[in-house]
Amino acid sequence: MILEVTDIMEILPHRYPMLLVDRIIELEPMKYAVGIKNATFNETFFQGHFPGKPVMPGVLLAEAMAQVGGVALLYPEENRGLIPFFTGIDKLRFRHPVKPGDQVVMRADIVKIKGRMGKVKAQCQVGEIVCAEGEYLFALMPGQEKK
């Protein structure tokens, strides 16, 4: 199943500049999702991180991986409108920098769900190179009512 950015915006509450997933290229709801982020030089964070040697901030890579997991969690109709809040991040490691022009492929696997709590294991790569990986603990919480 492929989801374009407009489809992703119907699932996730994130918007510019915090929506960090451009497309979902594989999805099995409540099991896993694979998404991509095209890191272009036009991203505002590259201007100051770091001048002369632009690198995508690790915290944004971590967030992008979590958003891919969020799509897998929130795709089912009964979960729409919920927000997956971080309750913890374990074993997060940054292995290789992401630079302008890179296409980041992120996979998030849902490891465990108990009630509204759960765990997702995620990894992102550029080509065959692993850039970051970690485990996310979350709570699915009610969002605001749409007006």
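The values are calculated or read from the model by the stated rules, or taken from the named source; none is laboratory data. For clarity, every value in this text was computed on a predicted model and none was experimentally measured. Cβ atoms come from the backbone with ideal geometry, glycine included; neighbour counts cover every protein chain shown. These accessible areas exclude ligands, DNA and RNA; they are computed on the full protein's heavy atoms, side chains included. Shrake-Rupley method; radii C 1.70, N 1.55, O 1.52, S 1.80 Å.
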Check your understanding: Which one is nearest to residue 20 (Cα to Cα) among residues in the range 110-132 that are in contact (Cβ under 8 Å) with a residue 24 or more places away in the chain and open to solvent by 50 Å² or more (accessible area, probe 1.4 Å)?
Key -> 123
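Residues are listed down the side, and each one gets a yes or a no for (1) hydrophobic (A, V, I, L, M, F, W, C); (2) under 16 Å from residue 133 (Cα atoms):
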| site | (1), (2) |
| --- | --- |
| 9 | yes, no |
| 25 | yes, no |
| 46 | yes, no |
| 54 | no, no |
| 63 | no, yes |
| 66 | yes, yes |
| 74 | yes, no |
| 83 | yes, no |
Revision key, fill the gap. When the range 1-54 is checked residue by residue, the ones that are among the acidic types (Asp, Glu) and either in contact with a Phe, Trp or Tyr (Cβ under 6 Å, 6 or more places away or on another chain) or closer than 19 Å to residue 66 by Cβ (or both) are 7, 10, 22, 26, 28, 43
Check your understanding: Taking the range 78-109 as the region of interest, how many residues are of a type in the set (D, E, K, R), at pLDDT 95 or above and open to solvent by 70 Å² or more (accessible area, probe 1.4 Å)?
Key -> 5
